[in-house]
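In what follows, a structure is listed as structure tokens, so that the remarks can point back to it.
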Amino acid sequence: MKASLAIVPLLLALPVQAAWELDPAQSRLEATVVEITPNGPVPHQHQVRELRGDIGPDGTLRLPLRLDQTDVLDRLGQLPPWLSGVKKMPLATLVTQLPPERLDALGVGDSMTETLMFRIQAEGATEQEPLLLRFTRETHDLIRVTNAERVALDGRELMAHQTARSVLLLLGYERIGDEVPVQLDATLIDR
């Protein structure tokens with residue numbers, strides 16, 4: 001009995017690992033698509049908002065992206081009822097690994113940069129891309145995540161990707177520039 005009572009203070013002294021999740025109200029991607037027109041290039045700003053996902057105990061972050069998270073539907077207006085199911089259509093799922101203890105170890109006001117390998121799952125195919133991110137602990141239970149360097153998607157690859165091309169054509173972009181700069185601004189919260 002004494003031995004089991006002695007374990008209680010030891011368990012209470014162990015650090016508790018935070019369970020981090022993206023705050024949808026403060027997490028978004030912004031992209032600049034340059035439309036190539038007969039009158040020259042025309043830049044357009046777009047957003048993927050309300051990013052959702054959490055970092056599991058094994059460090060896996062799954063980030064599903066759907067059409068209704070983009071500003072595409074805002075620009076197109078009300079869809080006919082027979083197309084309403086398209087809103088929830090998945091565009092892609094991003095998956096990466098980040099040990100939660102790395103985030104837990106950050107002190108308030110401290111930052112770290114980390115290269116994460118993202119698996120992009122879309123249309124039955126999986127691609128991998130490294131991304132250098134900056135994690136800044138702003139409060140005990142809030143970490144801001146941003147790009148640590150310039151990131152640009154390949155415009156030719158986007159136009160070759162069936163779903164991305166369909167979305168770009170819906171917006172009226174028949175041709176786009178070779179680069180689509182992307183900026184991440186996300187917030188992880190301790191739940």
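Numbers at a glance
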item	result
Matching entry among V72, V42 (being over 28 Å from L142 (Cα atoms) and either buried (at least 17 other Cβ atoms within 10 Å of the Cβ) or not aliphatic (A, V, I, L, M) (or both))	V72
Residue pairs meeting the criteria (Cβ under 8 Å; at least 6 apart or on separate chains; first among the polar types (S, T, N, Q), in segment 50-71; second at pLDDT 90 or above and not in a strand (DSSP E or B))	Q69/R49; Q69/E50; Q69/L51; T70/R49
Enumeration of residues in segment 22-39 that are in contact with a Leu (Cβ under 7 Å, 6 or more places away or on another chain), modelled with pLDDT under 95 and surrounded by fewer than 18 Cβ atoms within 10 Å (Cβ to Cβ)	none
Filtered residues of segment 162-182 (kept if in contact with a strand residue (DSSP E or B) (Cβ under 7 Å, 6 or more places away or on another chain) and either within 23 Å of L106 (Cα to Cα) or open to solvent by less than 60 Å² (accessible area, probe 1.4 Å) (or both))	T163, L168, Y173, I176, G177, V180, P181, V182
Spans of strands (runs of 3 or more DSSP E) in segment 110-172 with at least 1 residues β-branched (V, I, T), touching a residue at least 60 places away in the same chain (Cβ under 8 Å) and closer than 21 Å to T60 by Cα	142-147
Test: residue in segment 104-125 that is over 30 Å from D178 (Cβ atoms), surrounded by 14 or more Cβ atoms within 10 Å (Cβ to Cβ) and in contact with a helix residue (DSSP H, G or I) (Cβ under 8 Å, 6 or more places away or on another chain)	yes
Strands (runs of 3 or more DSSP E) enclosed by segment 24-71 - at least 3 residues per element that are closer than 20 Å to F135 by Cβ	28-37, 60-66
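Results for (1) over 27 Å from L22 (Cα atoms); (2) in contact with a Lys or Arg (Cβ under 9 Å, 6 or more places away or on another chain), shown as yes or no for each residue.
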{"residue": "T126", "(1), (2)": "no, yes"}
{"residue": "L132", "(1), (2)": "no, no"}
{"residue": "R137", "(1), (2)": "no, yes"}
{"residue": "R144", "(1), (2)": "no, yes"}
{"residue": "T163", "(1), (2)": "no, no"}
{"residue": "S166", "(1), (2)": "yes, no"}
{"residue": "E174", "(1), (2)": "yes, no"}
{"residue": "V180", "(1), (2)": "no, no"}
{"residue": "D190", "(1), (2)": "no, no"}
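The values are calculated or read from the model by the stated rules, or taken from the named source; none is laboratory data. Computed from a predicted structure; not experimentally measured. Positions of Cβ are backbone-derived with ideal geometry, glycine not excepted, and every protein chain shown enters the neighbour counts. When the accessible area is computed, the model is the full protein with side chains, heavy atoms only, and any ligands, DNA or RNA have been set aside. Shrake-Rupley method; radii C 1.70, N 1.55, O 1.52, S 1.80 Å.
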